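Can you keep this structure in mind? I'll have questions shortly.
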Amino acid sequence: MKVPIVFRFGIAAKAAVLIVSLGALSALANFFVLEGAQSLDRVNRAMIERVGPARLALSDAKAALNDVGLAVYKSMSASDLDDARMASREAINQIAAARRWISAVADYFPARGADCDVIQSKLLYLEGTVRSLRDAILSSDKQRRADEMLDLRFDAALDDALGQMNRLTNLLGAESREVLAQAETEQNSMSEVIVAILAIGTSLIVILALALVHYSQARPLRHLSEAALRVREGGAMSLDLDENVLGRSDEIGTLARSFQSMLTKLAEAQESLAVQYARVDAAINNLPQGLCMFDAEQNLIICNRRYAELYGLKPELTVAGTPLRSILRERRKNGRFSKFQEMALVDHIESATGRDPIYRIEELTDGQVIAISHQPMRDGGSIAIHEDITERRKMDAKIAHMAHHDALTDLPNRVRFHEAMEMALKGAEHDHTVSILCLDLDNFKTVNDTLGHPVGDALLQAVADRLRACVRKHDIIARLGGDEFAIVQIDADQPVGVTVLAQRIIAELSAPFEVLGHQVAVGVSIGIAMAPLDGDTVEQLMKNADMALYRAKEEGRGIYHFFEPGMDAKLQERRALEIDLRRAIDSNELELYYQPLISLDTNEVSGFEALVRWQHPTRGMVSPVEFIPLAEEIGLIGVIGNWVLGQACADAMKWPSDVKVAVNLSPLQFKNNALVLQVVGALAKSGLPGHRLELEITETVLLRDTDATVAMLNELRALGVRISMDDFGTGYSSLGYLRKFPFDKIKIDRSFIQDLEANPDSIAIVRAVASIGHALGMATTAEGVETEAELLQLRHEGCTEVQGYLFSEPRPADEILSLMAHRTPKLEKEAV
């Protein structure tokens, strides 16, 4: 491929053309001075071949020696051994170079060989001195340097070598002058001709150069500078130049095109900068914090909109250059100044000019709270961030309040109560009395379960309001959780003061509450402990007050009870019983007893009620009255109930096929959604038909979540299981429950049977229940039958089934088969 050749005639090319033209003119002058030129040629040859190179070599040698001095002084002053080693190596290399140059001088001037040999010996001595000095420096042997005077020896050797070179230089100079003097005579004869020719040539060169500079350089440069001035004054980012200038191929054209390209890029950069500035401005003005920047004279550089909004600044005060003093005056004028900072403006300004970072919180007179972070800048100015933390402060205060107060009642919580107790007990050390009352609402759970949690919550709020009205201003009330409250009474005449307070609280909380359209009646039980008599720590007093509360509940609720030392032993006994009960389940200490159910139609045993018993290894037989409530309280009733269900079904499989087994279910078992599956499992594992299992529940089961409970009962009924309502008439009996679910049997509580002969009302109740059962197709069983008279009365009133000690006490499972040998009991002789 043929590459085209392009010739660019720049300034250098034009100058070359001019020189060639002048050379032709100079040839004429050279013709006349040819002889003189030949003479000069001989002189020049001599100078070129001998003197010039020799002097040049000598000059290089001297320069090398100067470098040697610099390198050695550098090695002596180096702090690092590697730097010193490199500097010494450089000095030795320069000495070697100097020796080579001296050898060249000897070659050019053999007559001066002896002088060159002297210099060579001086250089060798200098090299040895440098090596010794290097070794001393690298070994850090300052003593050697001092003893051998290496520094002075080096200086002397260097000066000596340079002196010899200067002497040789002078000798060569003298010889050069002799050569030049010889040529001077020959040159003078032709000097006049040469001067004339050179004068003419010089005049021509000046004229041509001026013309070249004017037309090729000055005029285009003037046009270029004029265009640049227009850009500067008019702000235009383009050159208005002649196309011929831009199209030139020389340096002027290159400069013009480069300038044009620079302006194009500058215009692009200016546009990009404007975009970036707009983005930065948008970012700053959309910050949620106020930002301001001041220079070293405390004049405003920049601030954003949020800063002006925080302090209500007018637009003219947000302009760059506004003094800080003017802004502070405006803030004070419009009420956006520190609430607690009444110092003079000059003091405020001085605090803003500090050179240390500052973070402070200012509360303004209008209620705002501003956090200020002040950061000084290197140029003496500063930048600050102003953030409105008013809402954050309120939220922090709210969070702090919530951390120490109950969300529902706004009473102090357990944490705050303990803190208050600690402070109160410190006062008790100085003969102040402190009493603690632990309160627990009676029947609150029933209200909460029957009427729902919204009513329960509203009731707790109403209780809190009544408690506030009962105590003095400096007494402390707290909600510890659920329906538990506590009160600290300080500096009262004790025990009278706390007794009066407890009586007042019981009276107030016993009065009915109107809550969300419901009239609710609850009571309260109170346990009281006093410091220092009953303890001197929060934990001990709370523990003792809890034990007193437990005693109050045991003794009938709705009363108060002071702590007594013996209570702790009883509580420990209860805890021991709890531990034993947990172990009893795993140790198979529980067993089932069975009490027969007698059909009044056939006078035969129709079934047995399963009753759990606990045979303790040391306590003996533990009554269900003791451990069943405990099991319900500590959450073991589900485990025990499931075991009773499975064991009863397994035992019933050993009985005649027409004898059923009745199992009591705790209301708490219905909270377990797996109850139906447990029944299915017990039936499947034992093989007992569903119709032989009878589940007894109390009315309490239907008080909670009636629809879900009824659905669960229907699932059990679908298995063929019979459902009985136990203890009918003792609690919240309602015919509505009988209508919601068609029970198979109603069991009349023993309390009505025991009073049957003496109380006509009991007879009326039994008669009514029996009539209801007959009307609804339900069997009626009377519990607790102990006399023949009770049996006759029950038969007369229409009961279908009886149960009691008249027939048999509860018997162990291994005695049931022998009891079944006489299915028809002798009613008149079986009473126990």
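The values are calculated or read from the model by the stated rules, or taken from the named source; none is laboratory data. What you see is a predicted model; the values in this text were computed from it and never measured. Neighbour counts run over all protein chains shown; Cβ positions are idealised from the backbone, glycine included. Side chains are part of the model used for accessible areas, which takes the heavy atoms of the whole protein and leaves out ligands, DNA and RNA. Shrake-Rupley method; radii C 1.70, N 1.55, O 1.52, S 1.80 Å.
Hey, got the dipole for segment 287-395? About the Cα centre, +1 on K and R Cβ, -1 on D and E Cβ, debye to the nearest 20? The partial results should precede the final answer.
Values: 16 positive and 16 negative charges, 51 e Å.
Its charge dipole is roughly 240 debye.
Same structure again: Label points 7 Å out from Cα along the Cβ direction at LEU81 and GLU514: separation in nm?
10.2 nm
Another one. Just going by the charge dipole of segment 405-566, with Lys and Arg at +1 and Asp and Glu at -1 on Cβ, which of LEU425, LEU533, VAL515 is farthest out on the positive end?
VAL515
Only residues of segment 298-322 count here: report those whose backbone N is under 18 Å from the spot 7 Å along Cα→Cβ of ASN334, or say none.
Label zone hits: 300-322.
Go through segment 373-429 and name the trypsin sites (Lys or Arg not before Pro) that are in a DSSP coil and have 15 or fewer other Cβ atoms within 10 Å of their Cβ.
Values: sites: ARG378, ARG392, ARG393, LYS394, LYS398, ARG414, ARG416, LYS426; in loops: ARG378.
Hits after loop and neighbour filter: ARG378.
Would you list HIS691, HIS796, HIS616, HIS432 from the most to the least accessible area, probe 1.4 Å? It would help to have the intermediate numbers written out before the result.
Numbers: HIS691 115, HIS796 145, HIS616 10, HIS432 75 Å².
Descending order: HIS796, HIS691, HIS432, HIS616.
Here's a follow-up. Give LYS654/LYS747; LYS426/LYS473; LYS426/LYS553; LYS671/LYS740 a once-over and call out the pairs whose C-alpha atoms are over 24 Å from each other. Walk me through the numbers on the way to the answer.
Working: LYS654/LYS747 26 Å; LYS426/LYS473 19 Å; LYS426/LYS553 31 Å; LYS671/LYS740 19 Å.
Over 24 Å apart, Cα to Cα: LYS654/LYS747; LYS426/LYS553.
Size of the dipole of segment 707-808 about the Cα centre, Lys and Arg at +1 and Asp and Glu at -1 on the beta carbon, nothing else charged, in debye to 20? Provide the component values of the computation, followed by the final result.
Values: 9 positive and 15 negative charges, 99 e Å.
Here segment 707-808 has a charge dipole of around 480 debye.
Return the tail of the calculated pair distribution for segment 405-566, meaning the percent of Cα-Cα pairs more than 24 Å apart.
Working: 3841 of 13041 pairs.
Looking at segment 405-566, the distances longer than 24 Å represent 29 percent of pairs.
Still on this structure: Could you work out what % of the accessible surface of segment 287-395 is carbon and sulfur, using a 1.4 angstrom probe and leaving DNA, RNA and ligands out of the count? Show your work: numbers first, answer last.
On the way: 3160 of 5870 Å².
Whole-percent figure for carbon plus sulfur exposure: 54.
For segment 405-566, give the magnitude of the charge dipole about the Cα centre (Cβ charges: +1 Lys/Arg, -1 Asp/Glu; no others), in debye to the nearest 20. Could you put the intermediate results ahead of the total?
Values: 14 positive and 25 negative charges, 56 e Å.
Once rounded to the nearest 20, the dipole reads 260 debye.
If you don't mind, another one. On each of the three principal axes of the Cα atoms of segment 515-663, give max minus min coordinate, whole Å, ordered largest first.
67, 49, 26
Another question about this same structure. Which of the three applies to segment 575-715, rounded, prolate or oblate, going by the alpha-carbon gyration tensor with a ≥ b ≥ c and a/c under 1.5 meaning rounded? Could the numbers behind the result be given before it?
Numbers: a/c = 1.72, a/b = 1.19, b/c = 1.45.
Oblate, since a/c reaches 1.5 and b/c is not below a/b.
Filter the trypsin sites (Lys or Arg not before Pro) in segment 473-544 to those in DSSP coil with at most 14 other Cβ atoms within 10 Å of their Cβ, and list the result. Display every interim value, and only then the final one.
Numbers: sites: LYS473, ARG479, ARG504, LYS543; in loops: LYS473.
Passing sites in segment 473-544 are LYS473.
Hey, what does the equivalent ellipsoid look like for segment 287-395, semi-axes from the Cα gyration tensor as sqrt of 5 times each eigenvalue, largest first, whole Å?
Numbers: eigenvalues 80, 47, 42 Å².
In descending order the semi-axes read 20, 15, 14 Å.
Here is a follow-up. Collect residues whose amide H, placed 1.01 Å from N in the peptide plane, falls under 5 Å from the amide H of ILE559; neighbours closer than 5 in sequence don't count.
The answer is ILE526.
If R0 is 51 Å, what FRET efficiency do you get for GLN494 and MET395 from their C-beta distance, rounded to 0.05? Mind showing how you got there, number by number?
On the way: r = 42 Å, r/R0 = 0.82.
The value I calculate is 0.75.
Tell me, what is the FRET efficiency for HIS691 and GLU555 to the nearest 0.05, using R0 = 51 angstrom and their Cβ-Cβ distance as r? Mind dumping the intermediate values first?
Details: r = 45 Å, r/R0 = 0.88.
For R0 = 51 Å, the calculated efficiency reads 0.70.
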